[in-house]
Amino acid sequence: MKYIALFITCLLFSCGKKEDVLLPKSNLTIVKDVQDHSPIYIFFKTEGKDTIADLNRKSAIISTNWIFNIDKRLPLKLVIPQVMKMQEKKRNEKMHQNEESENYYSYADSIGKNLAFLPFTKVFYKMERPARGTFVVYFKKGKQQVFMGGKEIKISEILQHFYSIKFQRVPDLVFLFDKNMSYEEYIQYKILLQKDVTHNLDRLPIEYIF
């Protein structure tokens, strides 16, 4: 409850005015507790017909764990450039850098009724199409499954399918996310990946948003 209370307080007084972040929901907690953290907010805003991802990083302390509180309604194409900006800032900081600090996305566990966190410190994003020669796992907006080599499969079967193919030369495995999917849909995909796939990999694939 301490996280929820702190979270609500921060939202109510951010920038001296009330601002709300609608968090994604899931029925699974990946990480339940993060110590020594500071919050980063990305708010959903509109200007006329345009949707804007409004970044508030005023409370971000370089040496702490960063918790990204991002509105679930935002499209991925607006969210990730802001996340990349903050990742670069932290990675390039030399004076106050803490190599043990992590980056987390926050979301609400609808079953456990708690605030939960998803680590993504090692993820490198690219806002482009993957290069030829890579093996792409495609996450399409509005789909429950993923596409690999033109075949639609379950997320839990990604590694099984990849290792079943007899490659002449094993290619790099990369994830490609539809830039038009909502941030909530992306987080739900990421939670399933963390549960069934990426914890089995020595290094995380680069994530492409296109």
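The values are calculated or read from the model by the stated rules, or taken from the named source; none is laboratory data. Note that the structure is predicted; figures quoted are calculated from it, not measured. Positions of Cβ are backbone-derived with ideal geometry, glycine not excepted, and every protein chain shown enters the neighbour counts.
Observations
- Residue in the stretch 47-56 that is within 24 Å of residue 185 (Cα to Cα) and of a type in the set (Ser, Thr, Tyr) present: yes
- Tally of residues being over 15 Å from the mean Cα position of the chain (by Cα) and surrounded by 17 or more Cβ atoms within 10 Å (Cβ to Cβ) across the stretch 66-93: 1
- Cβ-Cβ distances below 8 Å connect the following pairs, each with a first residue in the stretch 159-178 that is assigned by TED's automatic domain parsing to the domain that holds residue 192, a second residue that is among the basic types (Lys, Arg), and a separation of six or more residues or different chains: 161/151; 176/129; 178/140; 178/141.
- Considering only residues in the stretch 186-210 that are without any contact (Cβ under 8 Å) to a residue 60 or more places away in the chain and charged (D, E, K, R), the one that is nearest to residue 22 (Cα to Cα) turns out to be 196.
- Residue satisfying condition, being surrounded by 19 or more Cβ atoms within 10 Å (Cβ to Cβ), in contact with a Phe, Trp or Tyr (Cβ under 9 Å, 6 or more places away or on another chain) and either modelled with pLDDT of 90 or more or polar (S, T, N, Q) (or both), within set 147, 210, 139, 135: 139
- Number of positions in the stretch 116-157 that are assigned to a loop (DSSP other than H, G, I, E, B), within 23 Å of the chain's Cα centre (by Cα) and either hydrophobic (A, V, I, L, M, F, W, C) or at positive phi (or both): 6
- Counting only residues that are exposed (fewer than 14 other Cβ atoms within 10 Å of the Cβ) and either at pLDDT 95 or above or assigned to a helix (DSSP H, G or I) (or both), the stretch 158-179 holds 3 of them.
- Going through (1) modelled with pLDDT of 95 or more; (2) acidic (Asp, Glu); (3) more than 15 Å from the chain's Cα centre (by Cα) one by one, residue 99 falls short only on (1).
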